[in-house]
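What follows draws every value from the coordinates through simple rules; no lab data is involved. What you are looking at is a predicted structure, and each value in this text was computed from that prediction instead of being measured. Positions of Cβ are generated from backbone atoms using ideal geometry, with glycine treated the same way; all protein chains shown enter the neighbour counts.
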Amino acid sequence: MTNAAQIRSFFDASTSTVTHVVADAASGRAAIIDSVLDYDPKSGRTSRTSADEVIAHVRQAGLQIDWHLETHAHADHLSAAPYLQQRLGGRIAIGAHITDVQIAFQRIFNSADMDTEGRDFDHLFVDGEQFAIGGLLARVMHTPGHTPACLSYVIGDDAFVGDTLFMPDYGSARCDFPGGDARVLYRSIRRVLALPPTTRLHMCHDYQPGGREPAWVSTVAEQKAQNVHVHDGVDEDSFVALRSARDQTLGMPTLLLPAVQVNVRAGHFPPPEANGVSYLKIPLNLL
């Protein structure tokens, strides 16, 4: 197995999301991490501009897709994994604890059709599991706290950490969604920061504090020295107090309600009703 991945990342400005294409140059096998399906919350219409940009890169580079990897069930964008799978092949995968998230949101949306055993996904990863992307060896780290199902994928000297961490000047992810836990997140972050100091950490989002240019790669050493929420010297109780206070000031993400209903279904829409149209629910006065 080799450990040097070729990485091409795509920044979606409308959702501040970064999609990563991780390839093994020797074999041409690749994985797509945290893809984006464009969604207009005003009209309820979806489009595929962001996903088509990824497809164009994959085809131009002559890659074969083995995996569509989700770091968690996102609350800020819809996954394009089913569309990309249809065009490029590959298996859709997420952490095994997605079942906890499905159970929580099945209750919130009162959706009898919503599976709670993870069967919408092709594979459910467990902590410590290893898998191949061509000649690349990938290792799964269960890094919950933002959600119960969050994963980080460690591939050689690179780790794809989802919402576990953001760039050092932005800090960490919120923990006030169902199943979130700031104390658990702190422990997950410390686990990520126990990787070798030169490990490159690839973020799922960048919110460009101060209006700076988008950035989504830092190192373990940089995070330990500079992360505004969880640099070395910040203990667990201090982090929990900071994170809990900050979460109380945050509004609901614009796309949370539509995104979660789709993403816990592995990016699939709810089943069409008798008129052939799929509908998303909006619970009133609940969240």
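Each distinct pair of alpha carbons in region 1-106 adds a 1/r term; the inverse of their mean, the Kirkwood radius, is 14.5 Å.
For region 6-261, the residue among T15, L193, G233 whose Cα projects farthest onto the positive side of the dipole built from Cβ charges is T15.
Taking a Cβ cut-off of under 14 Å around D120, the surrounding Lys, Arg, Asp and Glu residues balance to a net charge of -2, with basic ones at +1 and acidic ones at -1.
Sorting the segments 211-222, 165-176 by their mean number of nearby beta carbons within 10 angstrom, highest to lowest, gives 165-176, 211-222. Exposure proxy for K42, K281, K224: other Cβ atoms within 10 Å of each Cβ, ordered fewest to most, give K42, K281, K224. Note on S238 and T198: the model spin-label points, each 7 Å out from Cα along the C-beta direction, lie 3.0 nm apart. Judged by the mean number of other Cβ atoms found within 10 Å, the most tightly packed of the peptides 51-62, 87-98 leads the ranking 87-98, 51-62. Listing T254, T164, T19 from fewest to most neighbouring C-beta atoms within 10 Å gives T254, T19, T164. Summing Lys, Arg as +1 and Asp, Glu as -1, what charge do residues with Cβ under 13 Å from the Cβ of A30 carry, A30 excluded? Taking every other residue near A30 into account, the sum is +2. The modelled label-to-label distance between Q226 and Q248, using points 7 Å beyond Cα along the C-beta direction, is 3.1 nm. Computed over the chain, the range of Cα coordinates on each principal axis works out to 57, 48, 36 Å, biggest value leading. Evaluated with a Cβ-only charge set (Lys, Arg +1; Asp, Glu -1), region 74-210 carries a dipole of roughly 260 debye about its Cα centre, given to the nearest 20. Given their separation in residues at 0.36 nm each and the Cα-Cα distance between them, D169 and D52 gain 39.0 nm when the chain is fully extended.
For the options P272, P148, P253, a Gaussian network treatment of the chain with springs between C-alpha atoms closer than 10 Å singles out P272 as fluctuating the most.
Using R₀ = 30 Å, calculate the FRET efficiency as 1/(1 + (r/R₀)^6) where r is the Cβ-Cβ separation of S14 and L137; round to 0.05.
Given R0 = 30 Å and the Cβ-Cβ separation, E is 0.30.
Counting only DSSP beta bridges with both residues in the chain, tell me the antiparallel percent, nearest 5.
70 percent
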